[in-house]
Structure formats: C-alpha cells, structure tokens
Amino acid sequence: MKILVTVKQVPDTATQVKIAPDGKTIDPTGITWIVSPYDEFAVEEALRIKEKRGQGEVVAVSLGPDRVKEALRSCLAMGCDRAIHLNDPVWATADTLATAKALAAAIKQEGPQLVLCGRQAIDDDMGAVTAQLAELLGWPCAYWIMEEAIDADGKSVRAARQVEGGLEVFDLPLPAILAAQKGLNEPRYPTLKGIMGAKKKEIRDVKAADLGWASEPPQLSIVGLQALPPRPPGRIIAGDVPTAVKELVRALREDAKAI
Amino acid sequence: MEKFRGVDYYGIEGLLSEEERMVRDAVRDWVEAEFLPVVTEHHRAGTFPVSLIPRLGELGVFGATLTGYGCAGLNNVAYGLIMQELERGDSGLRSAASVQSGLVMYPIYTYGSEAQKEEWLPAMARGERVGCFGLTEPDHGSDPGGMKTRARRQGNVYVLNGTKLWITNGSIADVAVVWAKEDDGEIYGYLVERGTPGFSTLDIHGKFSMRASITSELSFQDCRIPLANKFPNVKGLRGPLGCLNQARYGIAWGAVGAAMACYDWTLQYAQQRIQFGKPIASFQLVQQKLVWMITEITKAQLLCLQLGRLKDEGHVRAQQVSLAKMNNVQMALDSARLARDVLGAAGIVDEHPVIRHMMNLETVNTYEGTHDIHTLIIGRDITGLDAFGM
C-alpha cells in the first residue's frame with residue numbers, strides 16, 4: 001500500500017514569533033523550524049500501517065522554500081521511504097487552496113491509496129488543506145482521527161474521530177484522506193541510523209510546471225498581522241482577610257464578571 | 001525555567017552539517033523527554049535508570065561511530081554532539097554511554113576476534129547487553145602499568161586474580177573488559193562474563209558525585225575464562241590507553257554539555273531573580289560570572305569541533321585529546337561552581353540541576369586521566385621531557 005503524508009514546516013513551538021517590518025509576514029531570524037507536530041502523528045501512523053502490513057511505501061510531501069528540505073529529511077529519518085518537495089517561487093504566496101491544488105496534483109501523479117495529514121498546522125492554524133484536498137480529489141475524508149484500521153484487503157479504512165465525550169466511527173472506502181489528532185499515536189524519535197540513512201533517500205524537487213500547475217492569484221491575501229495586546233497587569237488586593245475577600249468577590253462579580 | 005535553549009554565542013551551528021544537527025537535536029529531545037523527568041529521583045536514590053539503556057540503544061547511541069554490527073556509522077563530530085547532549089542531562093548518563101561505546105564496544109571492535117564481535121556488538125548496540133571496563137585498581141589509578149591483576153594460562157583456560165575499582169556499570173554489566181598482566185609482564189585484554197565463577201562485584205556507596213551512576217568494584221578470585229575470551233589483537237598498555245582516548249574524546253564534549261546546562265539555567269535564573277528591586281542579572285558581579293561562563297563555553301565548543309574534525313580526518317593526536325579533556329572539564333567545573341554561586345541558597349538544592357552537575361564534574365575531572373596527568377602528558381609532548389617521575 002502506498003501512503004502519502006503531507007507535512008508542513010512551522011516555527012518551533014518555543015519560538016517567540018516577531019512580526020516583520022512589512023507588517024504582513026513574520027521575521028524569520030532566529031526561528032528554529034520543525035515539522036508541525038500534528039503532521040508527525042500522520043507520519044508515525046503511516047509508518048505503523050506499513051510496518052503492520054509488512055509492505056508498502058510511505059512518501060512525505062511538503063510545499064515551501066528550500067529550508068523545507070530539512071523537515072522532509074526529518075521525515076525520512078523517522079522512516080519515510082522518499083520525499084517530494086514542491087519547491088517553486090510561484091508558490092511563495094500560496095494560500096490554503098493554492099497549496100491544496102498543488103498537493104492534489106502531486107497526489108494524482110503518485111496515486112496513493114491513503115493520504116494522511118495533520119489536523120492543522122500549528123503556525124496559522126487554518127486546518128483547511130485536508131478538506132480542500134478531499135474536495136479536489138473527490139475522496140472521502142475524516143478529521144481529528146484518534147484511531148484507524150485498514151481492512152485486510154486494503155479496500156477501506158475504519159477511522160474514529162474525536163468528538164465531545166467520545167468517538168465517532170466511520171468506514172471510508174479507499175483512497176481516502178485522514179487528518180490526525182493528538183493521541184492517535186506517540187511519534188518515534190528519528191534514530192541515529194535513520195538520520196544516517198536519510199541522506200541516501202530521495203527528495204525529489206518538483207516545480208509548478210512539472211505538475212502542469214498554472215499560476216493563479218491567491219484568493220486569500222494577508223492584509224496585516226497583529227501581535228496580541230500585552231496582558232493587563234494583575235492586581236493585588238490589600239487589606240485584612242475579611243475585607244480583601246469581600247473586595248475579591250466584588251471584583252470577580254462586577255469587574256471580571258467571572259461569577 | 002524555560003526549556004533548554006541551546007548555547008551558541010558564535011554561530012557554531014553553521015559549522016555543523018545538517019546531519020550533525022539532526023543527530024544532536026534527536027538526542028537533545030530524547031534527554032528532555034525521557035531522562036530529565038527521572039534524574040532527580042535517581043540522583044537522590046543513588047541509582048541509574050537502567051530501563052533507559054535499551055531506549056538509548058533504540059535511538060542508536062551505543063557504538064555510534066562504528067560501522068556494521070547494527071551500529072549507526074556516525075562521524076566523530078556527531079558522536080561528540082551526542083555526548084554533549086547526554087551530559088547536558090547528567091554526567092552519569094554520558095558515562096554509561098561512554099563506557100559502553102568507547103571502553104567496551106570500541107576495544108571489542110578494534111582488538112577482538114570476529115566471534116567476539118558477532119557475539120557482543122549487535123546486542124550492545126541495541127542496549128540489550130551492557131559492558132564495563134576494568135583497568136583501574138585500588139593501588140593503581142594514574143599508573144595503570146603497575147597493575148596487580150594477573151592472568152595465567154592453565155590448560156584451556158585463563159585464570160584471573162585481582163581487583164578492579166571505580167568501575168562504572170560494574171554490577172549491571174553482562175560482560176567486563178578486564179586488563180591483566182600475564183607471566184611475560186605484558187598487559188592483555190579479556191572478556192569476563194557476569195556469572196563466571198570467581199567473578200563478583202560490589203557497589204560503592206556514599207558517593208557525593210555521580211550519584212545517578214553505578215560505580216563498582218570487580219573482584220576476580222581464581223576466575224576461569226575460556227581462551228577464546230582474550231583479545232587476539234592487542235598487547236601492552238596501548239590497548240587500554242587506546243580505549244581511554246576514545247572515552248576522553250567523548251568527555252571533552254560531554255563537559256561542554258554540563259557547562260551549557262548550568263549556564264542556560266543560571267542565566268534564566270539571574271534574569272528572573274529580583275533583589276534590591278531588580279534582576280540580579282543587572283549586577284556587575286553576576287554579569288561577570290555569566291560572561292566568564294559564555295566565553296569559556298564558546299572556546300570549549302570550538303576546541304571540540306576542531307578536535308572532532310581532526311579525528312574525522314584521522315589526524316588527531318592523543319595529546320590533543322588530552323588538552324581538550326583537561327581544559328573543558330576544568331572550565332565546566334569552574335562554570336558549575338560559579339553557577340551555583342549565582343543561584344545563592346537555591347544553588348544547594350536539587351530542584352535546580354546546577355549542584356548535581358557541579359558535584360558530578362568533580363568525578364569527571366578525576367576519571368579517564370586526571371587534570372594533572374593530562375597536564376603532564378601535554379608538558380611531555382611540548383618539552384620532550386618526562387615529568388612523570390619515571
């Protein structure tokens with residue numbers, strides 16, 4: 001079974017993101033880039049499916065500039081067999097739909113039986129590409145997957161998605177798209193042998209022309225980024241305990257409207 | 001405190017290959033997630049987290065520079081970075097990996113027979129079997145050539161008699177690499193398996209340093225081992241010294257990791273701790289200590305990197321390894337002491353990692369060639385005159 005995993009390279013969760021002088025992008029200096037954590041669940045699940053079935057191929061795909069190769073290399077170090085890098089300046093301003101269109105074109109060329117994605121990337125938190133991919137490919141899709149099981153002959157997948165208070169279980173005919181939720185699995189560490197082996201694996205550079213992808217203007221454009229307003233300072237209530245408690249209750253009720 | 005942020009004042013990151021960075025990051029993440037949450041309880045109890053050994057094997061840490069036998073085949077810079085990250089956790093963790101890789105797998109790989117390699121290396125790489133290294137004796141530390149342990153051939157066995165002391169992982173090891181003299185007065189190496197009659201171990205208690213590491217005494221009393229357990233390809237002191245050279249290389253990097261841990265923690269602490277109405281990091285005397293640390297760490301990082309590049313080119317000399325071991329451990333110990341000072345009273349409790357590193361580094365300063373011995377090795381090298389009193 002061929003499985004394709006879409007991954008996005010995002011700033012490390014510990015990064016202090018700063019807005020660039022243009023007011024529309026983030027300042028890339030000092031950012032450590034990682035594979036978006038939900039995408040790591042997707043990679044791990046793909047590898048487990050391959051290991052469980054004893055055969056198959058796992059292909060990681062990512063769209064972005066040259067630095068994205070490092071994210072793909074991490075996926076190869078985890079155990080993916082090869083990687084595809086959608087790397088073309090025309091995609092520099094790609095919105096989710098343009099990204100989905102480019103990925104869909106690559107998926108059509110590869111023809112996998114299953115596509116795994118993270119439920120959203122942790123940078124812009126759009127969470128749209130999976131659904132857009134499903135629409136463009138005409139494949140069934142389920143989000144927030146906590147469990148999955150592919151039937152023995154590889155014709156369908158049973159997937160359980162997280163809903164309030166429990167799981168909702170679907171049967172989807174393959175090919176299908178699943179978006180991983182935290183809890184689906186515990187991603188493995190890339191082993192040192194895996195890291196050594198990764199450099200021998202292929203990362204294929206794909207240009208827009210290779211996909212027959214015509215340039216189209218993005219339908220979403222970023223007008224501006226705004227940092228969160230600074231948190232108002234806390235307040236210390238002075239006085240003896242009975243007075244302070246009264247004031248605290250009043251403040252919670254009237255100022256904060258919390259009770 | 002925030003998660004460890006790495007220490008790189010000089011953009012040394014850019015001198016590493018993508019692969020080297022990936023190796024370092026994999027080990028850094030592992031230490032953060034798997035080791036640091038349990039280190040304090042083990043340090044208090046004086047135990048080593050033995051269950052992590054197979055996990056380290058899975059990661060590929062053991063014998064990482066060797067090729068074949070299930071080993072990762074990394075270069076020496078990547079191996080050094082592994083040691084740095086492990087010791088950022090604890091010197092005991094790095095010691096366990098150093099011993100397994102540099103002092104047990106390396107001699108088996110370099111001096112051993114094919115049968116010995118096949119039997120031990122793959123299982124050790126996986127962390128399923130553990131080794132220890134017996135060179136130091138109660139009466140012979142810095143002068144291993146004077147060792148008293150004897151191996152005597154009797155028919156189809158060697159009979160070992162003697163005692164080895166200060167042996168990391170001694171009591172949990174499945175096999176000991178033991179160095180002993182035969183009747184010809186020469187030193188040879190032997191593999192002694194746990195459970196061999198006449199071989200016993202005793203753990204050393206009451207340590208103030210390397211508490212999260214097992215340190216043992218090995219005792220051999222008419223211990224009979226098969227002839228096939230002797231290393232066929234080495235004779236003389238160069239055997240054990242060749243191993244020590246591997247381990248010392250790892251220590252040079254590891255010490256930097258311990259210093260980085262102390263520095264990063266202390267910098268954050270000093271920026272947050274308010275006295276006289278402002279962060280203590282704003283005081284000149286505190287800044288002086290932090291600046292000393294970052295300066296020395298940066299120098300030590302560059303020393304390690306060049307040492308590693310030389311080793312990868314096959315041009316490294318043992319005396320150069322001595323210089324890095326000597327310098328880096330001393331600077332790490334001094335950094336840890338300064339860091340403890342900046343932490344004030346907080347510096348004496350294990351809620352902060354600093355005093356644990358500080359006490360560990362006292363051991364690191366002593367083992368694998370003391371600071372003084374390395375000084376004399378370099379002194380002899382540059383002057384051509386031997387100050388060992390021989």
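The values are calculated or read from the model by the stated rules, or taken from the named source; none is laboratory data. Just so we're clear, the structure is a prediction, and the values are computed from it rather than from any experiment. Don't worry about glycine lacking a Cβ; one is built from the backbone with ideal geometry, like all the others, and counts go over all protein chains shown. Each accessible area value is taken on the protein alone, full model and side chains, heavy atoms only, with ligands, DNA and RNA left out. Shrake-Rupley method; radii C 1.70, N 1.55, O 1.52, S 1.80 Å.
Which of (1) open to solvent by less than 20 Å² (accessible area, probe 1.4 Å); (2) under 16 Å from the mean Cα position of the chain (by Cα); (3) of a type in the set (A, V, I, L, M) does B:A270 not meet, given it meets every other one?
Of everything listed in (1) open to solvent by less than 20 Å² (accessible area, probe 1.4 Å); (2) under 16 Å from the mean Cα position of the chain (by Cα); (3) of a type in the set (A, V, I, L, M), B:A270 misses just condition (2).
So is B:A255 closer than 15 Å to B:L307 by Cβ and part of a helix (DSSP H, G or I) or not?
yes
Inside segment B:314-368, can you point out the residues that are within 23 Å of B:F283 (Cβ to Cβ) and β-branched (V, I, T)?
Across segment B:314-368, the qualifying residues are B:V342, B:I348, B:V349, B:V354, B:I355.
Answer yes or no as to whether A:L116 is of a type outside the set (D, E), within 30 Å of B:R28 (Cβ to Cβ) and modelled with pLDDT of 95 or more.
Yes.
Tell me, please, whether a residue that is assigned to a strand (DSSP E or B) and in contact (Cβ under 8 Å) with a residue 60 or more places away in the chain can be found in segment B:163-174.
yes
Which one of the conditions (1) surrounded by fewer than 11 Cβ atoms within 10 Å (Cβ to Cβ); (2) modelled with pLDDT of 90 or more; (3) among the small types (G, A, S) does A:S221 fail to meet, given that it meets all the rest?
Unmet condition: (2).
Return the pairs, sorted by first residue and then second, in which the second residue is aromatic (F, W, Y) and assigned to a strand (DSSP E or B), the first residue lies in segment A:166-186 and is in contact (Cβ under 8 Å) with a residue 24 or more places away in the chain, the beta carbons are less than 6 Å apart, and the residues are 6+ apart or on different chains.
These pairs meet every condition: A:A179/A:Y143; A:Q181/A:W144.
Just give me the residues in segment A:36-48 being buried (at least 21 other Cβ atoms within 10 Å of the Cβ) and either within 14 Å of chain B (Cβ to nearest Cβ) or among the hydrophobic types (A, V, I, L, M, F, W, C) (or both), in sequence order.
A:E40, A:F41, A:A42, A:V43, A:A46, A:L47
Just to be sure I understand, how many residues within segment B:1-30 are more than 10 Å from chain A (Cβ to nearest Cβ), closer than 24 Å to B:I355 by Cβ, open to solvent by 30 Å² or more (accessible area, probe 1.4 Å) and assigned to a loop (DSSP other than H, G, I, E, B)?
1
I'd like the full set of residues that are closer than 20 Å to B:S171 by Cβ and outside any loop (DSSP other than H, G, I, E, B), limited to segment B:209-228.
B:T215, B:S216, B:E217, B:L218, B:S219, B:F220, B:Q221, B:C223, B:I225
For segment A:1-24, how many residues are out of contact with any Pro (no Cβ under 8 Å at 6 or more places or on another chain), assigned to a strand (DSSP E or B) and either buried (at least 16 other Cβ atoms within 10 Å of the Cβ) or on the phi > 0 side of the Ramachandran plot (or both)?
Qualifying residue count, segment A:1-24: 5.
Just to verify a result, which residue in segment B:361-373, among those that are touching a helix residue (DSSP H, G or I) at 6+ places or on another chain (Cβ under 6 Å) and free of Cβ contacts under 8 Å to residues at least 60 places away in the same chain, is most open to solvent (accessible area, probe 1.4 Å)?
Checked segment B:361-373; the qualifying residue most open to solvent (accessible area, probe 1.4 Å) is B:H371.
In segment B:212-228, what residues are touching an Asp or Glu at 6+ places or on another chain (Cβ under 9 Å) and crowded, with 21+ Cβ neighbours inside 10 Å?
Across segment B:212-228, the qualifying residues are B:A212, B:S213, B:I214, B:T215, B:S216, B:I225.
Mind listing just one residue for me: the one in segment B:299-313 that is open to solvent by 60 Å² or more (accessible area, probe 1.4 Å) and free of Cβ contacts under 8 Å to residues at least 40 places away in the same chain and, of those, nearest to B:H371 (Cα to Cα)?
Among those residues, the one meeting the criterion is B:K299.
When both residues are 6+ apart or on different chains and their Cβ atoms are under 6 Å apart, which pairs have a first residue that lies in segment A:54-82 and is more than 14 Å from chain B (Cβ to nearest Cβ), and a second that is part of a loop (DSSP other than H, G, I, E, B) and buried (at least 24 other Cβ atoms within 10 Å of the Cβ)?
A:V58/A:C80; A:A60/A:V7; A:A60/A:C80; A:S62/A:V7
Run B:V61 past the list (1) over 26 Å from B:P122 (Cα atoms); (2) β-branched (V, I, T); (3) in contact (Cβ under 8 Å) with a residue 24 or more places away in the chain and report the number of the one that doesn't hold.
That leaves (1) as the condition not met.
Just one of the numbered conditions (1) within 12 Å of another protein chain (Cβ to nearest Cβ); (2) small (G, A, S); (3) in contact with a Phe, Trp or Tyr (Cβ under 6 Å, 6 or more places away or on another chain); (4) in a helix (DSSP H, G or I) is not true of B:A33; which one?
If we test B:A33 against (1) within 12 Å of another protein chain (Cβ to nearest Cβ); (2) small (G, A, S); (3) in contact with a Phe, Trp or Tyr (Cβ under 6 Å, 6 or more places away or on another chain); (4) in a helix (DSSP H, G or I), just (3) comes out false.
Which ranges mark the helices (runs of 4 or more DSSP H) fully within segment B:37-103 that have 2 or more residues being within 14 Å of chain A (Cβ to nearest Cβ) and either open to solvent by less than 20 Å² (accessible area, probe 1.4 Å) or among the acidic types (D, E) (or both)?
In segment B:37-103, the matching helices (runs of 4 or more DSSP H) lie at B:52-59, B:76-89.
Tally the residues that are over 27 Å from B:V31 (Cα atoms) and part of a helix (DSSP H, G or I), restricting the search to segment B:110-138.
Of the residues in segment B:110-138, 8 are over 27 Å from B:V31 (Cα atoms) and part of a helix (DSSP H, G or I).
Please specify each residue of segment B:339-360 satisfying the condition of being of a type in the set (G, A, S) and open to solvent by 50 Å² or more (accessible area, probe 1.4 Å).
Scanning segment B:339-360 gives a single hit, B:A345.
Can you tell me which residue among B:G185, B:G206, B:G195, B:G145 is open to solvent by 10 Å² or more (accessible area, probe 1.4 Å), part of a loop (DSSP other than H, G, I, E, B) and closer than 15 Å to B:G239 by Cβ?
Exactly one of B:G185, B:G206, B:G195, B:G145 is open to solvent by 10 Å² or more (accessible area, probe 1.4 Å), part of a loop (DSSP other than H, G, I, E, B) and closer than 15 Å to B:G239 by Cβ, namely B:G185.
Where residues in segment A:179-219 are hydroxyl-bearing (S, T, Y) and under 30 Å from A:A142 (Cα atoms), which of them is farthest from the other protein chains (Cβ to nearest Cβ)?
Taking the candidates together, the pick is A:S215.
Any idea which residue in segment A:85-94 is nearest to the other protein chains (Cβ to nearest Cβ), counting only those that are out of contact with any Leu (no Cβ under 8 Å at 6 or more places or on another chain) and of a type in the set (A, V, I, L, M, F, W, C)?
Ranking the candidates gives A:A92 first.
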